[in-house]
1. For region 239-250, check the following and say yes or no: at least one residue is under 18 Å from the mean Cα position of the chain (by Cα), farther than 20 Å from residue 125 by Cβ and open to solvent by less than 10 Å² (accessible area, probe 1.4 Å).
2. Does any residue of region 279-293 turn out to be open to solvent by 10 Å² or more (accessible area, probe 1.4 Å), under 21 Å from the mean Cα position of the chain (by Cα) and modelled with pLDDT under 95?
3. Limited to region 305-329, what total is found for residues that are surrounded by 16 or more Cβ atoms within 10 Å (Cβ to Cβ) and under 27 Å from residue 360 (Cα atoms)?
4. Hey, can you tell me all the residues within region 393-431 that are closer than 23 Å to residue 329 by Cβ, touching a Lys or Arg at 6+ places or on another chain (Cβ under 9 Å) and part of a loop (DSSP other than H, G, I, E, B)?
5. Cβ-Cβ distance below 7 Å, separation of 6 or more or different chains: which pairs start in region 314-327 with a residue that is more than 18 Å from residue 206 (Cβ to Cβ) and charged (D, E, K, R) and end on one that is open to solvent by less than 20 Å² (accessible area, probe 1.4 Å) and in a loop (DSSP other than H, G, I, E, B)?
6. Would you check if there is a residue in region 333-353 being open to solvent by less than 40 Å² (accessible area, probe 1.4 Å) and farther than 18 Å from residue 440 by Cβ?
7. Restricting to region 167-201, name every residue that is out of contact with any helix residue (DSSP H, G or I) (no Cβ under 8 Å at 6 or more places or on another chain), within 30 Å of residue 249 (Cα to Cα) and open to solvent by less than 20 Å² (accessible area, probe 1.4 Å).
8. Tell me, which helices (runs of 4 or more DSSP H) wholly within region 218-329 include 3 or more residues that are closer than 25 Å to residue 89 by Cβ?
Amino acid sequence: MKTVNTKYGNIAGVDCGNYVVYRGIPYAKAPIGSLRWKAPEDPDKFEGTFIADKFAAKCPQLEQDPDGPQMGFNYGKEFYSKEEFKRPMSEDCLYLNIWTPANCTKASALPVAFYIHGGAFMSGYSSEEEFDGESYADKGVILVTIGYRLGVFGFLAHEWLSQENQNGISGNYGILDQIKALEWVYENISAFGGNPDNITVFGQSAGSMSTQVLVSSDLTKNMISKAILQSGISCESDFLITPNLKEEMGYGKNFVELTGASSISELRALSTEELMKCQDKFMMDCFQKGLGFVFVPTVDGYLLSKSVKEVYDKGLMKKIPYITGFVGNDIGQTEDDAKANKPGVIEDECKKWAIKAEDATGEPVFVYSFEYNLPGDDSGPFHSSELWYTFGTYKRSWRPMGEHDAKLSEDMVSYWTNFMKYGKPSKDENEWEAYTKENKNVKVFC
């Protein structure tokens, strides 16, 4: 075990030889009981040494079935089939994990990678099979992965909840969790050998959308030095809809009516299981009405004063370097897009972001396309497939990975960690040039 001293007390991590992992560190109080549907609060200080040797529970969600497709692809088989990576579910889910090089000391001041998982704001967790920090530690980068509230637990807005809030707002708890975790890292990561002034926030799918929200919000202040947005961004499309509070409270009103609760106390008295059953019925009704996912980040005047599309349009995103990219068969691809061998809306949005952000911030933006056909089946470069390579975890996959997969993973981990260190993915600028109006360069991984 290796012990570090933080603002909240001593934390002991597991020594794995060339790296140390600190699993399941609480970054906020458990959002249960009276704290359900409230902004996260600072955790209590530890009595004695906290032994960070176990990954925490995941937020309640629909289990991924290894034997059936979700959203047109079998993500259960891809990422959620191995027993050793499965986690129990609990509303007590506000924990983070940290991987550091073994020889890391407080004086190391290493760059920090802060990762937000995807899952449509309805599923996913911080210790999935494809997430691991060993490859980052080998490159001299500290990786942090976080859990946050999902679905109705993370995004329910309702008049009752707004009335008890000092700002007269509700919803957005899942994003406020992410910010609380970021604050925890900013305040404590130096004890682990990290540099709080060099934190790269990155995520994929809903994690990328979350990253876009964080670089669009004043609440994150100066805590983000760089950002990577993988397969999830809205510039002019509605890929990420950030409705206003009135609209979100309308969805919340319909949900609460379904529960039968007649007061906030009755609503909080409902069990996790009862809320999950109501959520399943409510989401089925939403999809039948063509509404899609409605438990999402909201323009509430506190977290967001403008929609993410307005922030993009006015060039008000944080003035930092960015990487943004897409995969060959990404979500949002139409049949016409597929026939034209075009990823679709996400490709267009990534390129729009690159030009706008470079113009508005004066910082470089790097764009990539992941076009590799993974071995083992004919699914092609599906949404999320790059994660095996950006985390260096391809050997965990059920797929028959080979030398090319090893080389591709080494390249992508190197580019990602170089960006985290230097603000550009390659020391040789000709190796991966920034995307500009004059030079619409896209780095292709295949």
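The values are calculated or read from the model by the stated rules, or taken from the named source; none is laboratory data. Predicted, not measured: the structure shown is a model, and the values here were computed from it. For neighbour counting, all protein chains shown are included, and Cβ atoms are generated from backbone atoms with ideal geometry for every residue, glycine included. Remember, those area values only see protein heavy atoms, side chains included, never the ligands or the DNA or RNA. Shrake-Rupley method; radii C 1.70, N 1.55, O 1.52, S 1.80 Å.
1. The initial filter retains those residues of region 239-250 that are under 18 Å from the mean Cα position of the chain (by Cα), namely 239-242.
With the extra rule that they be farther than 20 Å from residue 125 by Cβ, the set shrinks to 239-242.
Still in the running and open to solvent by less than 10 Å² (accessible area, probe 1.4 Å): 240.
Checked against the condition, which is being under 18 Å from the mean Cα position of the chain (by Cα), farther than 20 Å from residue 125 by Cβ and open to solvent by less than 10 Å² (accessible area, probe 1.4 Å), region 239-250 yields at least one hit.
2. Yes, that holds for at least one residue.
3. Our first condition is that a residue be surrounded by 16 or more Cβ atoms within 10 Å (Cβ to Cβ); within region 305-329, this holds for 306-309, 311-312, 316-318, 320-329.
Still in the running and under 27 Å from residue 360 (Cα atoms): 306-309, 311-312, 316-318, 320-327.
Of the residues in region 305-329, 17 are surrounded by 16 or more Cβ atoms within 10 Å (Cβ to Cβ) and under 27 Å from residue 360 (Cα atoms).
4. Selection gives 398, 401.
5. Note: pairs meeting the criteria are 318/215; 318/224.
6. If we filter region 333-353 for residues that are open to solvent by less than 40 Å² (accessible area, probe 1.4 Å), which is where we start, we get 337, 343-344, 346-347, 349-350, 353.
With the extra rule that they be farther than 18 Å from residue 440 by Cβ, the set shrinks to 337.
Yes, that holds for at least one residue.
7. Scanning region 167-201 gives 181, 184.
8. On the way: elements: 245-259, 264-269, 272-288, 308-313.
The qualifying helices (runs of 4 or more DSSP H) are 245-259, 264-269, 272-288.
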